[in-house]
Amino acid sequence: MSASGDNFECGHSLEELSIYLDTGEFSDPGHLTECPECQSGLAALRRLAALGDELVSADIAAAGSGTDDWMQSILDNLRLELRPGRDIPVRPDTPGDILTETEGSISALIRSAADSLPGTAAGKCRLDGDVSTPGSPITVRVDVAVVFGHPLEERADALRRGIAATLARHTELNIAAIDVTVADVLEPGFPGPAAGPARPSESSEEKP
Amino acid sequence: MTGSPPAPDHFDLVPDALLAGRAADGDTVAFEALARRHGPLMRASARRLTGSLADADDVVQESLVQAWKQLDTLRDGDAVKSWLLRITASRSIDQVRRRKNHSDLSDLDQRLAAGSGLAGGGAAGAGNPEAAALSGSRMEALKAAVAALPEEQRRCWVLKQFNDQSYEEIAQTLNISVASVRGRLARARVALAREMEGWR
Amino acid sequence: MNQSLLPGDTTPAGLAAALRDVILDVDGVAEVFPARPLWQNIAGAARSAVTGEPLPVVQVEFDGEAVDVLTRIGVSTALPAPAVARSVAAAIREHLGSRTATVRVQLVQVR
């Protein structure tokens with residue numbers, strides 16, 4: 001860099017150039033195209049910005065991926081602690097013992113059933129009804145997103161069957177209905193919300 | 001559309017705004033997708049701001065808890081990334097303050113590689129840019145130069161470069177004036193540019 | 001009354017550690033989570049994740065001769081979850097022998 005202090009001979013400073021890079025604001029824009037000192041200053045700042053971007057990329061890579069153990073342990077804790085939901089009773093062998101499943105663990109189980117189908121991802125999931133009283137009728141409501149091109153009705157049916165089987169095996173809930181709603185259709189390689197297709201919403205319900 | 005489109009790896013295809021909306025409704029899976037997506041950048045920023053691997057992980061955890069609790073205050077789901085980074089930045093600064101208030105605590109933390117971001121600032125041995133320049137890559141030289149910046153300048157530079165904050169946001173995060181941000185950021189860049197010119 | 005006590009079982013901490021192993025040995029149990037929510041001590045949890053130092057797990061409280069046990073567990077889907085919960089309660093009771101006990105088992109993860 002040519003200047004020894006922060007000010008160039010032309011009277012402008014690196015601080016001004018630094019602000020110009022961030023905001024595009026400069027007192028005398030025409031000057032920038034003519035002044036060799038300002039140009040070389042800008043070039044140095046731009047090289048630094050590019051190097052800075054490189055450092056960010058390198059640090060992100062060094063930070064690991066979102067699927068690594070560190071993030072998994074953070075998320076496990078988060079799931080357990082922040083939204084455990086209601087306690088769902090399980091019949092004890094010894095009267096007086098209190099055995100329960102958290103609503104959160106069952107919702108997660110339902111979501112994983114949806115996530116395991118090809119081209120399908122789970123969204124909102126609710127257990128409607130008094131889950132804390134044994135025998136109360138419960139309606140499961142789950143939203144799914146399906147990648148465009150996958151058969152919606154077929155996916156919904158398969159998911160309902162899967163959820164019914166899973167809940168029968170892993171809970172003692174009295175499931176009255178399973179309501180699967182296709183809430184979103186996703187474009188493969190989804191670039192952003194604006195480019196997404198229209199989102200049809202179909203809901204279907206049946207007794208399991 | 002021909003053939004079978006690829007299945008989404010859970011929420012990989014889903015844009016931030018959609019996930020943020022669902023997460024605000026209490027959908028933990030959507031929130032997890034956001035955390036996985038932006039967690040590495042949050043961690044990277046927290047590491048540079050706190051200078052400590054363990055502190056950075058504490059910060060990321062606390063930030064995600066706070067984000068989860070405050071999701072309903074997020075108006076624009078598209079802005080979730082910068083929002084997460086804003087929380088991370090504030091908590092990182094808090095963490096460094098806490099650490100300074102307990103500087104007598106033995107420093108068990110695994111420190112970052114030589115001079116790459118010690119929180120204490122100052123240009124002590126570990127932060128010698130020339131030594132790093134001779135022994136390491138250009139990136140190592142930049143890390144050393146960043147570590148050698150006065151702490152106030154380094155914070156401004158990291159918040160700009162990593163967290164992509166505006167002058168106003170940086171001023172808010174650090175509780176200083178916008179004019180101070182402008183000056184410190186410029187001085188940081190001048191110092192870094194000088195160090196790095198030798199690397200061209 | 002304490003004829004079934006094993007060494008180490010006379011303190012809550014010793015009994016908690018022993019019960020943790022008993023619970024982990026039950027078929028279908030994948031994990032034993034700390035009985036007290038980690039987020040009550042966020043920094044401690046993060047440090048534990050980094051250093052690998054375990055946090056206290058099974059909650060054990062003595063009330064005279066009676067003992068109160070609370071555990072939070074994760075189970076695999078290999079076996080029906082309610083059956084695993086009952087097996088865990090039975091295993092805890094077996095370890096406690098003839099002592100009067102209240103047993104609480106919370107399934108917080110099924111996967």
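The values are calculated or read from the model by the stated rules, or taken from the named source; none is laboratory data. Values in this document were obtained by computation on a predicted structure and should not be read as measured data. For neighbour counting, all protein chains shown are included, and Cβ atoms are generated from backbone atoms with ideal geometry for every residue, glycine included.
Against the conditions (1) closer than 16 Å to A:Arg111 by Cβ; (2) in contact with a His (Cβ under 9 Å, 6 or more places away or on another chain); (3) modelled with pLDDT of 85 or more, B:Leu34 satisfies every one except (2).
When B:Val29, B:Val60, B:Val80 are checked against the criterion of being surrounded by 21 or more Cβ atoms within 10 Å (Cβ to Cβ) and more than 10 Å from chain A (Cβ to nearest Cβ), a single residue qualifies: B:Val80.
Within region B:142-200, the set of residues being over 24 Å from A:Gly24 (Cβ atoms) and assigned to a loop (DSSP other than H, G, I, E, B) comprises B:Leu149, B:Pro150, B:Asn175, B:Gly198, B:Trp199, B:Arg200. Restricted to region A:136-146, and to residues there that are at pLDDT 95 or above and closer than 29 Å to B:Leu18 by Cα, the residue that is nearest to the chain's Cα centre (by Cα) is A:Val140. Filtering region A:23-42 to residues that are within 43 Å of the chain's Cα centre (by Cα), exposed (fewer than 13 other Cβ atoms within 10 Å of the Cβ) and either in a helix (DSSP H, G or I) or β-branched (Val, Ile, Thr) (or both) leaves A:Thr23, A:Pro29.
Just to be sure before I move on: is A:Thr133 part of a strand (DSSP E or B), modelled with pLDDT of 95 or more and surrounded by fewer than 21 Cβ atoms within 10 Å (Cβ to Cβ) in the structure I sent? Against the criterion (part of a strand (DSSP E or B), modelled with pLDDT of 95 or more and surrounded by fewer than 21 Cβ atoms within 10 Å (Cβ to Cβ)), A:Thr133 does not qualify. Taking the listed residues C:Arg72, C:Arg86, the one that is at pLDDT 90 or above, away from chain B (no Cβ under 14 Å) and either farther than 21 Å from A:Arg169 by Cα or part of a helix (DSSP H, G or I) (or both) is C:Arg86, with no other qualifying. The residue list B:Arg75, B:Arg22 contains one member that is more than 9 Å from chain A (Cβ to nearest Cβ), over 19 Å from the mean Cα position of the chain (by Cα) and basic (Lys, Arg), which is B:Arg75. Within region B:153-190, the residues that satisfy the criterion of being in contact (Cβ under 8 Å) with a residue 40 or more places away in the chain, crowded, with 19+ Cβ neighbours inside 10 Å and within 11 Å of chain A (Cβ to nearest Cβ) are B:Val158, B:Phe162, B:Asn163, B:Gln165. Among (1) at the interface with another protein chain (Cβ under 7 Å from one of its Cβ atoms); (2) under 27 Å from the mean Cα position of the chain (by Cα); (3) not in a helix (DSSP H, G or I), which single condition is A:Ser105 missing? Only one criterion is unmet by A:Ser105, namely (3).
Let's see how each residue does on (1) buried (at least 20 other Cβ atoms within 10 Å of the Cβ); (2) farther than 22 Å from C:Pro80 by Cα:
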| position | (1), (2) |
| --- | --- |
| A:Ile98 | no, no |
| A:Glu101 | yes, no |
| A:Ile106 | yes, no |
| A:Ala114 | yes, no |
| A:Arg126 | no, no |
| A:Pro137 | no, no |
| A:Pro151 | no, yes |
| A:Glu154 | no, yes |
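Among the residues that make up region A:84-104, is at least one of them modelled with pLDDT under 85 and either over 18 Å from B:Leu19 (Cα atoms) or touching a strand residue (DSSP E or B) at 6+ places or on another chain (Cβ under 6 Å) (or both)? Yes: one or more hits.
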